[in-house]
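Asks: Before we start, here is the structure in question, set down as structure tokens.
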Amino acid sequence: MVEQPWDLLLTVAFLLTGTAGIWTLVVCPPSVGKTVLHVNHTVMSAAMILMIWVILGDIAVWTQVALFSLLSLTLVPALVRAGGRARRTDLAGHLALNVAMIWMLVAMPLLMTGAPSEGSGAHAGHTGHAGAAALAPAVRGPDWAIVVNSLFVAVCVAGALWWLLRAAAGREHRLPAIGHGLMAAGMGTMLFLIPA
């Protein structure tokens, strides 16, 4: 799915975001509400690395869709109760990244060119590192899917900028903000590269 050097660069980025999530959970245990955010962030980091390197079958893909849907639902009450514009924007950003993750998982068959057929036993588009280089671009995805994907890329870019500004302006919680910004940037990069 992702060719060199992007496979290695994105793997390093997601290793960093996952490590930041684990570090925050273990060293600076947050409140229960924020724990869900950091667990979500850590799981998403692992899922992104998996997506880069492993051919995922349909069961694995739909299990991840269910997991990120559930994590998204757990963020909604916190978003409704959130006080302050910055906190609401943070939560809306996390929710948007979860929706972008779900989109990425289900839309790959539409977006990837030269993807294996549905009967191949692998989720179309989840071709891993070695398979991506062997595929020749054959057909561009449907225009509507490219447009929706582009909107998710824009959402990821906005999220990356938001969290990097929060990290630069804030005196506390800089590591999580940098991690969230890096996650958004990495996810936006992967979404951008998929239909390329």
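Any read-out appearing in this document is the output of simple, stated calculations on the displayed coordinates, not a laboratory observation. As the structure is a prediction and not an experimental result, all values here were calculated from the model. Using ideal geometry, Cβ is built from the backbone for each residue, glycine included, and neighbour counts are taken over all protein chains shown.
Asks: For the residue pair Glu172 and Val12, what label-to-label distance in nm results when each label sits 7 Å from Cα along the Cα-to-beta-carbon direction?
Replies: So the two model labels end up 3.3 nm from each other.
Asks: With a 10 Å radius around each residue's Cβ, average the other Cβ atoms per peptide and rank 177-186, 65-74, highest first. List each step's numbers first, then the result.
Replies: Details: 177-186: 23.6, 65-74: 15.3.
The packing order, highest mean first, is 177-186, 65-74.
Asks: Loop-only trypsin sites (Lys or Arg not before Pro) in the stretch 160-196, please: DSSP not H, G, I, E or B, and at most 12 other Cβ atoms within 10 Å.
Replies: Arg171
Asks: Could you give the nm distance between label points at Val54 and Trp23, where each point is 7 Å from its Cα heading toward the beta carbon?
Replies: For the pair Val54/Trp23, the computed spacing is 2.5 nm.
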